[in-house]
Amino acid sequence: MRKYYWILLFAVGLLGSCEKVKDLSDDAKIERFEITSYTPETAEIGEIYRDDKSIIIPVVPNDNLFPLTLQTVLETSSTTHKVLGNYVKGQDIVFNGGESTINFFLIAESGFVHPYSIRLEPMDTGADILQFKFKDSEKMTITINPWSKIVNISVLDPGFPVTIEPTIRLSEGATYDDDYTEGEKLTFQNFEDIKEITVISADGKTSRTWKIQFGALLQIPNSDFESWGKFGNEINLNEETIDPIPGYGKGWATANNYFVQGTRPVEHNRGYAAKMTTNEQNALIFGKLIAAGSIYTGCFKFGALNDPRSMTHFGIPHTVRIKSIEFDAKYEPGPQLKQAVKNGSKYSIEDRDGVDVGQAFVEIIRWNGKGTFAYHGRPTDGVEILGRGEILFDGKETKYRNWAHYNIPIVYTNQTDIPTHIVIVFSSSKSGDIFLGAPGSTMEVDDVKLIY
């Protein structure tokens, strides 16, 4: 077995990285990925393609597609030491829905980590709604889901009854059936009033009936923290991480990974909650560090090792203002506040006076920048924080040590602009960015809800 060393850094309680071992390669990549068979056999699968982070499998949506089970072959480069995560060679891949993902890591011989995911991409069935807009629709959130055949319109107050005159773009050559005419107005009386539009493909062989609705206002998927993805081959509460539903960078994430396992499911209220724990980490080259547990909306990407904070990407798309967030939580401080301090080339841990403090905060953001959205919790060109709210869980207060219901109101400094993203962060040690926290501090969180 090749020898490799894990070097762990944490900042804002959310950061990790690996230090290259001399003369061993950082490279780890996929050389070949193939599907050898699948069920149901009626599934229509397109040509697979991939980039340096993802394997994308195009699939034609249909009502009998799921569960989709794939038998696959994965070959990696010679400098790949190990494959960890939800992909296990020789085992089937199962997709229970179009938005589920398979997440795993390629570990280079130096210990450098390369995250990958396998996801499905909907192909045009020939009878699809590709675009749906109407007057003032840019002020709303419109999602077109080809898997469920739903066009969902989300807005804070539709002002029922509401009438829209949609402009709809269909698959090439597709037409409507006799129940709908292009340019026809649609009137909705309430949230339960759902319209149906049937689209027929150009060759007449495919027909799909789409639901058009003013849906309930958006919630962040998996905010009850019931869905967790395993790191290893065994399903174990001590070896799981939050499942990034509905996709990487679209839901909940954590920087506490296979190497720093500070965020785990815990049994609560006949299901699970997210439990974050602050602990000491023995980083072989850097010495001992303090690492806080965390969970947040966004994603974690290994990258610039000299700037660990840049690997934590805060924020997921969200375009409707909220009043507050609600959640259930409890907080227990560790017995001794400590801080990792750099002495020469290494860090060592020193005791500090005081009691640890947990943190929960929310930010409503508007992104006006160019290129790909990127926000790391620090001032960034193109990022404006429209509103913010925070609760600090002072470990000196015993009232936080039992489960309770909390509400964080948003204080808006910009009352007019439409948001583009939402950031929600929970951490077991507020000052993890300066390696300050009490090992053993825990924050448990469940049932996060956006209040409109």
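Quick look at the numbers
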item	result
Residues (open to solvent by less than 10 Å² (accessible area, probe 1.4 Å) and either touching a Phe, Trp or Tyr at 6+ places or on another chain (Cβ under 6 Å) or in a strand (DSSP E or B) (or both)) located in the range 433-447	Gly437, Met443, Val445, Asp446
Scan of the range 36-67 for residues that are under 23 Å from His81 (Cα atoms) and not in a loop (DSSP other than H, G, I, E, B), ordered by number	Arg50, Ser54, Ile55
Residue match in the range 90-102 (condition: touching a Gly at 6+ places or on another chain (Cβ under 9 Å), open to solvent by less than 20 Å² (accessible area, probe 1.4 Å) and at pLDDT 90 or above)	no
When residues of the range 407-419 are limited to those that are open to solvent by 30 Å² or more (accessible area, probe 1.4 Å) and touching a residue at least 40 places away in the same chain (Cβ under 8 Å), the one farthest from Thr141 (Cα to Cα)	Asn407
The range 374-384, residues that are touching a residue at least 12 places away in the same chain (Cβ under 8 Å), of a type outside the set (Asp, Glu) and over 16 Å from Ile418 (Cα atoms)	Ala374, Tyr375, His376, Gly377, Arg378
Any hit, the range 124-137, residues being surrounded by fewer than 19 Cβ atoms within 10 Å (Cβ to Cβ) and aromatic (Phe, Trp, Tyr)	yes
Extreme residue, least open to solvent (accessible area, probe 1.4 Å), among residues of the range 204-239 that are at pLDDT 90 or above, of a type in the set (S, T, N, Q) and farther than 30 Å from His318 by Cβ	Thr206
Condition broken by Thr187, with the remaining ones in (1) part of a strand (DSSP E or B); (2) closer than 17 Å to Ile144 by Cα; (3) open to solvent by 30 Å² or more (accessible area, probe 1.4 Å) satisfied	(2)
Test set (1) more than 25 Å from Cys299 (Cα to Cα); (2) hydrophobic (A, V, I, L, M, F, W, C); (3) under 21 Å from the mean Cα position of the chain (by Cα) - Ile424 fails condition number	(1)
The range 55-85: number of residues that are closer than 23 Å to Phe112 by Cα and buried (at least 17 other Cβ atoms within 10 Å of the Cβ)	9
Residue, surrounded by the most Cβ atoms within 10 Å (Cβ to Cβ), within the range 161-171, restricted to residues that are within 33 Å of the chain's Cα centre (by Cα) and not in a strand (DSSP E or B)	Pro166
Answer residue from the range 360-372, given it is open to solvent by 40 Å² or more (accessible area, probe 1.4 Å) and part of a loop (DSSP other than H, G, I, E, B) and is farthest from Lys301 (Cα to Cα) among those	Asn368
Tally, over the range 315-338, of residues that are closer than 23 Å to Tyr400 by Cα and either free of Cβ contacts under 8 Å to residues at least 60 places away in the same chain or not β-branched (Val, Ile, Thr) (or both)	14
Any chance Thr101 is in contact with a Lys or Arg (Cβ under 6 Å, 6 or more places away or on another chain) and in contact (Cβ under 8 Å) with a residue 60 or more places away in the chain	yes
Listing of strands (runs of 3 or more DSSP E) fully contained in the range 68-108 that carry 3 or more residues being among the β-branched types (Val, Ile, Thr)	68-76, 101-108
Residues satisfying the stated conditions in the range 331-350, i.e. modelled with pLDDT of 90 or more, open to solvent by 70 Å² or more (accessible area, probe 1.4 Å) and in a loop (DSSP other than H, G, I, E, B)	Pro335
All positions within the range 112-165 that are out of contact with any strand residue (DSSP E or B) (no Cβ under 8 Å at 6 or more places or on another chain), more than 29 Å from Gly204 (Cβ to Cβ) and not hydrophobic (A, V, I, L, M, F, W, C)	Asp136, Glu138, Lys139, Asp157, Gly159
Qualifying positions in the range 1-34 - closer than 30 Å to Phe66 by Cα and either over 26 Å from the mean Cα position of the chain (by Cα) or modelled with pLDDT under 90 (or both)	Glu31, Arg32, Glu34
In the range 393-406, the residues that are of a type outside the set (A, V, I, L, M, F, W, C), touching a residue at least 40 places away in the same chain (Cβ under 8 Å) and either touching a strand residue (DSSP E or B) at 6+ places or on another chain (Cβ under 7 Å) or within 27 Å of Gly249 (Cα to Cα) (or both)	Gly395, Tyr400, Arg401, Asn402, His405, Tyr406
Failed criterion for Val151 (all others in (1) in contact (Cβ under 8 Å) with a residue 40 or more places away in the chain; (2) part of a strand (DSSP E or B); (3) open to solvent by 70 Å² or more (accessible area, probe 1.4 Å); (4) not basic (Lys, Arg) hold)	(3)
Top-ranked residue of the range 191-201 - restricted to ones that are open to solvent by 40 Å² or more (accessible area, probe 1.4 Å) and touching a strand residue (DSSP E or B) at 6+ places or on another chain (Cβ under 8 Å), ranked as farthest from Thr241 (Cα to Cα)	Ile200
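The values are calculated or read from the model by the stated rules, or taken from the named source; none is laboratory data. None of the values given here were measured: they were computed from a predicted structure. Virtual Cβ from ideal backbone geometry, glycine too; neighbours counted across all protein chains shown. With ligands, DNA and RNA removed, areas are computed over all heavy atoms of the protein, side chains included. Shrake-Rupley method; radii C 1.70, N 1.55, O 1.52, S 1.80 Å.
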